Amino acid sequence: MAPAPYLVFDGVTKYFGDLEVVAPSFNLDIARNEFIVFLGPSGSGKTTLMRMVGGLETPSSGEIRLRGQAIREPDRDRGMVFQSYSSFPWLTVAQNVAFGMKYRLDLTPDRKKARLDHYLKLVGLSDFSDAYPNKVSGGMRQRIAIARTLAAGSDVLLMDEPFGALDAQRREDLQIELRRIQQQDAKTIIFVTHDVDEAVFLADRIIVFSKRPARMLEEVDIAAELGPDRTLELRDSERFFKLRTQVLKFVRAAAGHDN
Amino acid sequence: MTTKMTATQAIEVDGEGAAMSDEQPQRIARRPRNQFFVFRGTMSKRAQVATSITASVVVIAVWEVATRLGWINSLFLPPPSVTVETLWTMITQKHLLWNAGISTLRVWVAFALSVVMAVPIGIAMSSFRGVGAALEPIVDFIRYLPVPALVPLSIIWFGVGETTKIFLLWLGTFFQLVLLVADDMRRVPQEYVEIAYTVGARPFQMLSDVAFRAMQPSLFDNLRITLGWCWTYLIIAEIVAADNGLGFVIWAARRYMNTSEVMAGVVTIGLIGLLTDQILRLVHKRLFRYL
Ligand SMILES: Nc1ncnc2c1ncn2[C@@H]1O[C@H](COP(=O)(O)OP(=O)(O)OP(=O)(O)O)[C@@H](O)[C@H]1O
Ligand SMILES: [Mg+2]
């Protein structure tokens, strides 16, 4: 039996003034605990779609539903890692990460402290916990944003090119970690990237978008091919390589695609 | 005499600084020898202080010489030495410090009143469109009224007591400050607001924990600038309606063409301003270490 839809895009369109950003009408069902990756040309409307899930933009028509409830405003059940990965300059690295839990009344101070240490360590920022954001590198600022969002503990994670500024090694480590967290804590994730390797490695399902206005061009079921567990060895496998080539072909087609 | 001493000291410090930078090997050929006219160039703290002091001393020296040699009639502009002397006699015999204290108190009371009102109202104006739409035209209208034009009205309303003075100062600063505060709030990056909301902040929590915090450095700067304006209006207020305070002292001295007392009064205001500004800069540095 197919899992009941958890997050649903139902006939969504989006205009900014006269600019049509999401074409009529975008439909997508996402299951609970599914890892969705958006791929598509720059400016195609991926960020806009994510922001609508986050409740930071309203669809011009149609609606997005989470657990059957139409999304109207931002809340803690949908955490976001913004493309600009900003943090608060007046808070230290640790305070910025802890900010993700600031409004959680269900956690005791001890529990918050433990989680803070855990996520700081996870993104490799333990040694910089007392530094201010303007004193750390762009990659570190991005990791602050990732840790803050993970610490918030949302069920749905909306991640907009979260690993863009990271070096190759850190990126690989965090990909594996993110996949592990997603499996273990049953997170539902929408992840935007321009990196096809990353997309194939992380995704259960990849959505390839057209140029603006965003339309779904291809839908690739990665989970059917690679299964739930993603390891380093998988990266060098024939299966992975074939999928990657196929997705890359779709992405190239999308970039050249005229609406 | 004292001024001369400082002059030599300053030049010595300056000379030392120059010698030190000469000793450093020139690593890059195109690196300029002095940083005076390099756009956003660097300068050692010491060299900066030395330059500030030297510049002030030069101005004072030129002023002294010009009046001593009779280029300028000292009836209109007394030399610095005489001004300092007068300053001293005014402190010891004419309660100058007491008058300065009264003026300072008036400035701070009116300023505090302006701040207490302008900060919440300014924040509300830029946070809630309704409030902004309602208040902006009114504020803009009053903001352009010159304070001196309202002196007669405020005397009719409040007489010549303290209320009038505080009212005039408040009038001159509140309406300007409200718009500055509204602007500071408007400039808080939208991303900060969105981060707060996506981790579950309620609107009021977002305002107090994020937006208000984010605007503080620029708010502080604007408060510092507004405090300076208070002094301008204070003098107007004390000239028209006071029998004490620095404005009164200056105005009274003018009546007898006592230029050196006028100068001494003006210098006192300048010194208070300089001191306040330096203190506030220091506070700014301590409060906003992260900048
Ligand atoms: N608030 C806005 N007002 C007007 N136009 C907007 C707004 N936000 C986005 N757009 C426009 O909508 C289009 C899609 O933008 P979006 O950021 O969603 O693209 P994207 O797919 O995320 O691109 P990238 O891969 O470069 O991040 C762009 O043409 C952009 O200029
Ligand atoms: Mg984007």
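The values are calculated or read from the model by the stated rules, or taken from the named source; none is laboratory data. The shown structure was predicted, so the numbers you read here are calculated from the model rather than taken from an experiment. Methodologically, a virtual Cβ is constructed for each residue, glycine included, from the backbone with ideal geometry; neighbour enumeration extends over all protein chains shown. With ligands, DNA and RNA removed, areas are computed over all heavy atoms of the protein, side chains included. Shrake-Rupley method; radii C 1.70, N 1.55, O 1.52, S 1.80 Å.
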Practice task
Step through the table entries A:LYS113/A:LYS187; A:LYS112/A:LYS135; A:LYS135/A:LYS187, compare each Cα-Cα distance with 29 Å, and write down the pairs that go over it.
Solution key: A:LYS135/A:LYS187
Fill in the blank from the handout: One finds, for A:ASP106 and B:ARG129 with R0 = 35 angstrom and r their Cβ-Cβ distance, a FRET efficiency to the nearest 0.05 of 0.55
Fill in the blank from the handout: Restricting to lysines and to Cα separations under 25 Å from A:LYS211, and discarding same-chain partners fewer than 8 apart, the set is A:LYS14, A:LYS46, A:LYS242, A:LYS249
Problem - Rough spin-label spacing in nm, given labels placed 7 Å along Cα→Cβ, for B:GLN278 and B:ALA66 - result: 2.5
Problem - Principal axes of chain B: Cα extent on each, largest first, Å - result: 67, 67, 28
Handout entry: Two-site label geometry, B:ARG46 and B:ASP221: point separation in nm, points 7 Å out along Cα→Cβ
Key = 3.1
Fill in the blank from the handout: So the FRET efficiency between B:VAL58 and B:PHE158, C-beta based with R0 = 41 Å and rounded to 0.05, is 0.35
Exercise for the section: Go through region B:188-203 and flag every residue whose accessible area shrinks by 50 Å² or more with all protein chains in place compared to the isolated chain (probe 1.4 Å). Expected result: B:GLU191, B:TYR192, B:GLU194, B:ILE195, B:THR198, B:VAL199
Exercise for the section: For the protein assembly as shown, report the accessible area per residue in Å² (1.4 Å probe, heavy atoms, rounded to an integer). Expected result: 52
Practice task
Provide the buried accessible surface between chains B and A in square angstrom, both chains summed, 1.4 Å probe, rounded to the nearest 100.
Solution key: 2000
Handout entry: Of all DSSP beta bridges in chain A, antiparallel share, percent nearest 5
Key = 55
Problem - Accessible area of A:ARG115 in the full protein assembly, 1.4 Å probe (Å², nearest 10) - result: 40
Completion exercise
Along region B:156-169, Karplus-curve 3J(HN,Hα) (6.51, -1.76, 1.60; θ = phi - 60°) to the nearest Hz, with x for Gly and Pro, reads 4, 6, 10, x, 10, x, 4, 3, 4, 5, 4, 4, 5, 5
Fill in the blank from the handout: With +1 on the Cβ of every Lys and Arg and -1 on the Cβ of every Asp and Glu, the dipole magnitude of the protein assembly as shown about its Cα centre, in debye rounded to the nearest 20, is 740
Problem - Residue (of B:TYR197, B:ILE235, B:HIS95) at the positive-pole extreme of region B:79-287, dipole from beta-carbon charges - result: B:HIS95
Completion exercise
With label points set 7 Å from each Cα along the Cα-to-Cβ direction at A:GLN169 and B:ARG254, the distance between them in nm comes to 7.3
Exercise for the section: For the protein assembly as shown, give the percent of accessible area contributed by carbon and sulfur heavy atoms, probe 1.4 Å, rounded to a whole number. Expected result: 60
Handout entry: Centre separation in Å (Cα based) which lies between region A:17-89 and region B:228-262
Key = 63
Completion exercise
For chain A, longest principal axis from Cα atoms; helix A:238-256 axis from its Cα atoms; angle between them, nearest 10 degrees, is 70
Handout entry: ³J(HN,Hα) computed for each position of region B:240-251 - Karplus, 6.51 cos²θ - 1.76 cosθ + 1.60, integer Hz, glycine/proline x
Key = 7, 8, 7, 10, 7, x, 5, x, 5, 4, 4, 5
Handout entry: Per-residue SASA entry for B:TRP251, accessible area with 1.4 Å probe, Å² rounded to 10
Key = 90
Problem - Tilt relative to chain A, helix A:168-184 - C-alpha long axis, 0 to 90 degrees, to 10 - result: 80
Practice task
Hey, can you grab everything whose amide H is under 5 Å from the amide H of A:SER129? Only 5+ residues off in sequence or another chain; H modelled, so Pro and N-termini drop out.
Solution key: none
